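Taking it in order: structure first as structure tokens, then the write-up.
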Amino acid sequence: MSRRGALRAGGVMAATAAGFAAMSGTAAAEVPALAANPGRGNGRQGGRSVPGTDFEPVAPNSRDAVTVPEGYEQQVVIRWGDPVVPGAPAFDVNGQTAAAQAKQFGYNNDFVGLIPQDGSGRRNFLVVNHEYTTETEMFPEGSYDEANPTEEQVRIAWAAHGLSVVQADRTRDGGLEVKPSRYNRRITLDTEFEVRGPVAGSDLLKTSADPTGTIVHGTQNNCAGGVTPWGTVLSGEENFHQYFAHGERVTDPVQAERLDRYGLAGGETTRKWERFDKRWDISQEPNEVHRFGWVVEIDPNDPNAKPIKHTALGRFKHEAANVKIARDGRVVVYSGDDERFDYIYKFVSNGRYKPGRSAHARRHNMALLDEGTLYVAKFTGNSPAEEIDGSGTLPSDGEFDGTGEWIALASGDKSFVDGFTAEEVYVFTRLAADKVGATKMDRPEDIEPNPVTGRIYAALTNNSDRGAAGKAGADEPNPRNGNKNGHVLEWDEDGTETKFRWRLLLVCGDPDAADTYFGGFDKSQVSPISCPDNVAFDGYGNLWISTDGNALGSNDGLFSVPVTGPNRGQVKQFLTVPVGAETCGPVVRDDLVLVAVQHPGEGGEPGSSWPDGGHARPAIVAVRKSDGGRIGA
Ligand code: FEO
Ligand code: CA
Ligand code: CA
């Protein structure tokens, strides 16, 4: 059987059963094995590392701590409950109130944007997403009844969502310090948002509280995001569906199909918000659910600016949104829909980018996201995926030999999808993309252009259902059935074309397993990596990857990997986060790394007492070199 035949017959998994067997030990046993094996996971090849990645890698571990390389120091910048706006009380885990939470740093920090306010980068806006609440972790043991939350507990949760904007200045010793400032701001589920773009004012967005269909209270499940070249933040509303109850009471088959495609299964919600505000009850407010699942934009430069929901970018479980300026000046926004077998999208503006961060330029550029074309990605074969054979190399030398096509879904009020109006394409984007045969991916997470090379990188975090009965099997861009460890794709395009070329950068997992691929780099010399989620780039163009849900049994972390030259694929672990936590929001500056430590201790025993030794608190951590030097140099 040819290699291609093997792929079609069940993908890499079938061809490399031995690799999966090697990974089948218990998680607990794997951690010391990974850490103790000399010459393994050290990320070095002959001692040579490219600039930006020259540090002693952190070994996989299960500590309840943030662990950084030797010669580096860490600091908690801000944690859940810390004061954000004037008059905010000090955090009191036993005396939480909605009024206090609305002035304090929210829960479960995810995306982190660090936006310089001046040329030196000493003064910055720190903009952070607060993705979701886990009430059983937030409230002291015994004080929260999952079946019967109090109204105040529900209101605390509403205030713990959204975003925080704080002034964050560099300290003399190279750290980062939150300052009182007129810019400091909390955005919660009560903050007014303006709906913009082709669906603003649509009947599909009108509710009894907002008959105009243009004003939405709040944002939720803001997962990752991106800083725009004009100095604002785009933030993705991801798992918005989980807060809406009683989809099962909908009898109209068209509406029921739409709810089903967005995972709105019905019944009560876990958090029971629908008992305190009917907007969370689909049977009472059928359109409120259409007002979430968008990319939102926050302008930290103007503390009074009303945040925006951008409908031209489509409605799905947006992981993030990142901008590339094409050569002709049009603005391209990439966004993944984080669900098993869902899609990768891009938006291309009609208008051209105006450089600069003046109020005039910001207004102009923010308006560019109102008018353009929304596309979904179709990947085709001839990729190197079929060649992962355990040797760690590809016969094609990893050339861009996969091809892809962007399929237009809608532009302004024009739909390109049979049976869908343009409004329906924007509001029910998943269904429109189903119709045109887009490629079903393994949970598309962060997608971001490399500022040095212009190439685009997408993290596909995992998909244990790939190849399951009745589900799509492995294909070239998603090369493993039962994909537990995820992979990273890269593609080459200016941004405005409808054709592109792609290839695999990483097929993640234990480097000893035959079904992994590290860009062709010597697999005995890399750190194990699993479940890539967020990506970022350093000033050299090295890719940095944070992980969520490490399936190899150790804690999540942050990794660097060169993407060009002989070190391409040399994955090195820069830090690990505490037990139960996910690593989010990486920011990599010349002399500073920031990560968001999300949900420390989540998922049962052992819990976490990070960072202060008491009740666990999600927080932002800054890492710098002890000698004040450049990261990885
Ligand atoms: Fe909120 Fe896809 O992670
Ligand atoms: Ca994420
Ligand atoms: Ca990112």
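Computed values, structure above
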| quantity | calculated |
| --- | --- |
| Residue that is farthest from ligand 3 (Cβ to nearest atom) [pool: residues in region 548-567 that are in contact (Cβ under 8 Å) with a residue 40 or more places away in the chain and open to solvent by less than 10 Å² (accessible area, probe 1.4 Å)] | LEU552 |
| Sole exception among (1) away from ligand 1 (no atom under 16 Å from the Cβ); (2) β-branched (Val, Ile, Thr); (3) in contact with a strand residue (DSSP E or B) (Cβ under 6 Å, 6 or more places away or on another chain) for VAL112, by number | (1) |
| Qualifying residues in region 212-229 (those that are buried (at least 24 other Cβ atoms within 10 Å of the Cβ) and farther than 18 Å from ALA159 by Cα) - the one nearest to ligand 2 (Cβ to nearest atom) | ALA224 |
| Counted residues, region 217-256 - those being at negative phi and outside any strand (DSSP E or B) | 23 |
| Qualifying residue in region 513-532 (condition: within 15 Å of GLY632 (Cβ to Cβ), open to solvent by less than 10 Å² (accessible area, probe 1.4 Å) and either away from ligand 3 (no atom under 14 Å from the Cβ) or part of a strand (DSSP E or B) (or both)) | yes |
| Boolean, GLY482 is small (Gly, Ala, Ser), open to solvent by 20 Å² or more (accessible area, probe 1.4 Å) and farther than 17 Å from GLY226 by Cβ | no |
| Residues satisfying the stated conditions in region 440-455, i.e. more than 12 Å from ligand 3 (Cβ to nearest atom) and either outside any loop (DSSP other than H, G, I, E, B) or under 13 Å from the mean Cα position of the chain (by Cα) (or both) | MET441, ASP442, ARG443, PRO444 |
| Selection status of LYS324, open to solvent by 10 Å² or more (accessible area, probe 1.4 Å), in a loop (DSSP other than H, G, I, E, B) and not aromatic (Phe, Trp, Tyr) | no |
| Some residue of region 311-328 being of a type in the set (Lys, Arg) and without any contact (Cβ under 8 Å) to a residue 12 or more places away in the chain | no |
| Scope region 126-138; condition within 20 Å of the chain's Cα centre (by Cα) and more than 16 Å from ligand 3 (Cβ to nearest atom); matching residues | HIS130, TYR132, THR133, THR134 |
| Those residues of region 85-110 which are within 21 Å of GLU177 (Cα to Cα), surrounded by fewer than 22 Cβ atoms within 10 Å (Cβ to Cβ) and touching a residue at least 12 places away in the same chain (Cβ under 8 Å), in sequence order | VAL85, PRO86, GLY87, ALA88, PRO89, PHE91, LYS103 |
| Members of region 275-305 that are in a helix (DSSP H, G or I) and within 27 Å of the chain's Cα centre (by Cα) | ARG279, TRP280, GLU288, VAL289, HIS290, ARG291 |
| So THR207, is it within 16 Å of ligand 2 (Cβ to nearest atom) and either assigned to a loop (DSSP other than H, G, I, E, B) or open to solvent by 10 Å² or more (accessible area, probe 1.4 Å) (or both) | no |
| Checklist (1) open to solvent by 60 Å² or more (accessible area, probe 1.4 Å); (2) in contact with an Asp or Glu (Cβ under 8 Å, 6 or more places away or on another chain); (3) among the hydroxyl-bearing types (Ser, Thr, Tyr); (4) at pLDDT 95 or above applied to SER349, failing item | (1) |
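The values are calculated or read from the model by the stated rules, or taken from the named source; none is laboratory data. Predicted, not measured: the structure shown is a model, and the values here were computed from it. No Cβ is skipped: glycine too gets one built from the backbone with ideal geometry, and neighbour counts run over all protein chains shown. Heavy atoms of the whole protein, side chains included, go into the accessibility calculation; ligands, DNA and RNA do not. Shrake-Rupley method; radii C 1.70, N 1.55, O 1.52, S 1.80 Å.
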